[in-house]
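> Please read through the structure below; I'll follow up with questions.
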Amino acid sequence: MKKEITKIVLLSLLCGNAVYAQKSPDGRLSAEVTVESGSANLVVKQKGKAVGNPVKLGVLTSVENYSEALTLKSKSADTLVKDDYMMISGKRSHCVNTANERIYHLANGNGKGLDVVVRSYNNGIVFKYIVNQASADEKLTEEKTAYAIADGTRRWMQQYTSDYEQFFPLATDGKAHDVRGTVKGLWGYPALVEFGSNTFALITEADIRHGHCGSQLCNQTDNSLYQVHLAEALPIKSGFASPWRVMIIGSLADIVESTLVTDVSAPAAFTDTSWIKPAPASWIYWAYNHGSNDYQKAKEFIDLAAEMRWPYCLIDWEWDRMRNGGDIDDALRYAKSKNIRLFLWYNSSTNWVGEWGPNPMYRLNQPSVRNAEYSWLKEKGVDGIKIDFFKDDSRAMMDYYLDILEDAAKQQMMITFHGATLPRGWQRTYPNLMTTEAVRGAEWYNNTAELTNRAACHNATLPFTRNVVGSMDYTPGTFSDSQHKHITTHGHELALYFLFESAVQHCPDRPDVYRSLPVQVRQLLSSMPTAWDDTKLLAGYPGEDVVIARRKGDCWYIAGINGTDKARSISFSLKRLGIKGKSMTIFADGSDDHSFSISERQQLRGDIKMSVRPRGGFVIKLK
């Protein structure tokens with residue numbers, strides 16, 4: 001009998017039985033790397049129940065195969081990892097998270113080692129690869145990481161384009177559709193998957209550094225298997241570490257409130273951040289496409305920023321060709337007289353270049369030229385720049401992003417990326433990164449008519465997908481129409497300012513439109529924060545509706561929208577906010593789509609129920 005018990009114990013140890021799985025500090029999640037028939041998999045469980053099928057593991061290099069004939073040589077003891085840091089921008093100012101980390105030492109048929117580093121957090125599982133030995137000129141050619149998502153499983157994923165500006169439609173299979181500019185079977189991060197009742201996973205990557213490329217998900221060979229697809233083969237050296245593969249896991253609240261992407265990213269690269277000031281900005285482009293080359297238009301938006309008490313004004317492309325009574329120097333002097341700081345637009349000069357490329361071009365590509373431009377900007381009193389039209393997710397582009405941020409920090413310049421890759425944790429490493437587009441935002445009302453009928457559902461999906469992983473420059477609050485009509489209500493548009501997180505919130509509408517808003521609405525927009533101390537999801541489901549509470553100091557802002565074409569009642573509780581005795585100002589839909597109902601009352605007890613118009617919304621300020 002004793003011999004049989006001994007055999008069972010030994011078998012359990014050899015097989016990595018789930019009893020010995022690595023657990024999150026709260027014990028809710030567990031992860032275990034197993035090797036069977038030479039193949040490695042990551043088994044993820046929540047409360048003992050599998051979260052989808054095992055994740056396939058492995059990499060290929062130009063010399064070695066680390067995906068077949070693998071053996072598990074050993075695994076380390078669990079070590080506690082604690083993330084405790086401050087953020088200047090984002091959904092939470094003080095971020096704290098803990099994980100148990102374990103390293104699995106694998107070897108291939110040639111005896112070459114591959115380490116898989118796995119961390120189990122209370123709200124997710126992350127892992128990365130370390131190639132222990134690499135020969136001269138060896139390259140990482142393919143990653144075999146693959147997430148199995150069976151047909152019938154609900155998921156919200158965008159087909160990949162280099163600017164990450166596609167929709168996240170609800171789907172129950174991996175079938176791709178004909179979408180201009182996409183490659184069938186390639187999907188961009190993040191991917192939200194509903195694996196079961198109140199069990200969601202958001203899949204993405206984080207902590208891309210110099211020498212890394214970005215990746216996508218590819219299901220071209222099997223609709224139900226999404227393999228990590230590297231943008232290109234990478235030169236590697238011994239000890240090469242991949243970016244983190246990230247799965248945020250739990251309820252929708254766990255997903256929306258998570259800071260896991262920045263938790264696993266490198267700490268801030270510099271310590272003096274006193275010059276970084278998140279705040280709103282007026283913005284010319286949406287209302288007047290070529291308005292930035294018109295000095296009189298620039299003055300109008302500088303005046304708007306001053307009236308609304310927004311510290312910044314963004315002057316977009318063609319500012320270097322400004323005419324009609326003044327040039328950029330005149331605009332800078334005028335802004336200074338109004339106590340407004342300017343952001344200026346630049347072409348990255350990697351994608352849309354040549355005779356028809358928008359100016360200014362070729363001022364950032366080379367280090368010496370870039371640093372000279374930064375110096376000139378600081379002399380002129382410019383606080384930051386917006387850089388647009390990046391090419392792809394290649395290693396060269398990732399290095400370029402990081403070079404821009406690093407050199408900008410030396411000159412105390414804030415940065416906004418547009419036409420750019422998805423955030424991957426850089427806002428922690430480089431706090432001067434204020435926001436990134438990588439979203440189909442309100443600018444698309446100027447491009448096609450497609451956003452008109454899809455905006456409400458799309459807007460109610462973004463808080464669960466794109467905005468989870470970093471600041472999102474959607475440019476919300478288009479109360480009027482530009483080139484294509486919008487059919488969301490004024491309440492919906494107002495809510496987006498607080499629903500969508502962006503360290504610089506670009507306010508796109510015309511000055512006369514803002515002036516026509518009720519005085520209470522103007523006051524709300526004049527005092528709105530753009531960086532938050534805390535964020536809570538109070539209600540919602542992707543594409544249907546969403547209610548998010550964000551705190552700045554002792555003031556909470558609650559924003560909710562209806563993503564459907566039918567009126568609905570949205571209920572939520574304030575209990576999670578832990579507040580008492582607050583007065584409430586409610587900005588709700590009025591009698592029609594273009595009016596507000598504004599009321600004051602004492603804090604309600606229990607659940608709050610809001611009646612919301614089709615494609616409507618609301619904001620509640622508690623103070």
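The values are calculated or read from the model by the stated rules, or taken from the named source; none is laboratory data. Here the structure is a predicted model, which means the values were calculated and not measured. Cβ coordinates were reconstructed from backbone atoms using ideal geometry, including for glycine residues, and neighbour counts include every protein chain displayed. Only protein heavy atoms, including side chains, enter the accessible area calculation; ligands, DNA and RNA are left aside. Shrake-Rupley method; radii C 1.70, N 1.55, O 1.52, S 1.80 Å.
> Go through the stretch 92-108 and give me each residue that's more than 22 Å from T145 (Cβ to Cβ) and open to solvent by 20 Å² or more (accessible area, probe 1.4 Å).
Within the stretch 92-108, R92, S93, H94, V96, T98 qualify.
> Examine the stretch 483-503 for a residue that is among the polar types (S, T, N, Q), free of Cβ contacts under 8 Å to residues at least 12 places away in the same chain and open to solvent by 10 Å² or more (accessible area, probe 1.4 Å), and state whether such a residue exists.
Looking through the stretch 483-503, none of the residues is among the polar types (S, T, N, Q), free of Cβ contacts under 8 Å to residues at least 12 places away in the same chain and open to solvent by 10 Å² or more (accessible area, probe 1.4 Å).
> Go through the stretch 429-452 and give me each residue that's of a type in the set (S, T, Y) and modelled with pLDDT of 95 or more.
Answer for the stretch 429-452, where residues must be of a type in the set (S, T, Y) and modelled with pLDDT of 95 or more: T429, Y430, T435, T436, Y445, T452.
> Another question about this same structure. Does the stretch 259-291 hold any residues that are in a helix (DSSP H, G or I) and of a type in the set (S, T, N, Q), and which are they?
T262
> Follow-up question, since we're still on this one. I need a count of the residues in the stretch 577-599 that are outside any strand (DSSP E or B), modelled with pLDDT under 95 and exposed (fewer than 13 other Cβ atoms within 10 Å of the Cβ).
Total satisfying the criteria: 3.
> Within the set of pairs 6+ apart or on separate chains, which have a first residue in the stretch 365-391 that is under 15 Å from G419 (Cβ atoms), a second that is open to solvent by less than 10 Å² (accessible area, probe 1.4 Å) and part of a helix (DSSP H, G or I), and C-beta atoms under 8 Å apart?
I385/L377; I385/A408; I387/I404; F390/Y401
> Which residues, counting only those in the stretch 186-214, are open to solvent by less than 10 Å² (accessible area, probe 1.4 Å), of a type outside the set (F, W, Y) and in contact with a Ser or Thr (Cβ under 8 Å, 6 or more places away or on another chain)?
G188, P190, A191, L192, V193, L202, E205, A206, C213, G214
> Residue check, N432 against (1) farther than 19 Å from S265 by Cβ; (2) of a type outside the set (A, V, I, L, M); (3) open to solvent by less than 10 Å² (accessible area, probe 1.4 Å), all met but one. Which one?
Among (1) farther than 19 Å from S265 by Cβ; (2) of a type outside the set (A, V, I, L, M); (3) open to solvent by less than 10 Å² (accessible area, probe 1.4 Å), the lone unmet condition for N432 is (1).
> Oh, and also: In the set G58, G38, G27, G111, which member is of a type outside the set (A, V, I, L, M), surrounded by fewer than 17 Cβ atoms within 10 Å (Cβ to Cβ) and under 22 Å from K139 (Cα atoms)?
G111
> Output the residues belonging to the stretch 611-623 that are modelled with pLDDT of 90 or more and open to solvent by 20 Å² or more (accessible area, probe 1.4 Å).
Correct list: S611, R613, P614, R615, K621.
> Can you pull out the residues in the stretch 117-143 that are in a strand (DSSP E or B), among the hydrophobic types (A, V, I, L, M, F, W, C) and either surrounded by fewer than 22 Cβ atoms within 10 Å (Cβ to Cβ) or under 23 Å from the mean Cα position of the chain (by Cα) (or both)?
V117, V118, I125, V126, F127, I130
> Considering each residue of the stretch 149-187, count those that are in a loop (DSSP other than H, G, I, E, B), under 16 Å from F200 (Cβ atoms) and in contact (Cβ under 8 Å) with a residue 24 or more places away in the chain, and give that number.
Residues that pass the stated criteria total 4.
> Here's something else I'd like to know. Tell me which residues, restricted to the stretch 292-339, are closer than 22 Å to V513 by Cβ, under 32 Å from the mean Cα position of the chain (by Cα), among the aromatic types (F, W, Y) and part of a helix (DSSP H, G or I).
F301
> In addition: Would you please name the residue that is farthest from the chain's Cα centre (by Cα), looking only at residues in the stretch 350-392 that are among the β-branched types (V, I, T) and open to solvent by less than 10 Å² (accessible area, probe 1.4 Å)?
V382
> Considering only residues that are within 23 Å of A287 (Cα to Cα) and surrounded by 21 or more Cβ atoms within 10 Å (Cβ to Cβ), which ones fall in the stretch 461-481?
S471, M472, D473, Y474, T475, P476, G477, T478
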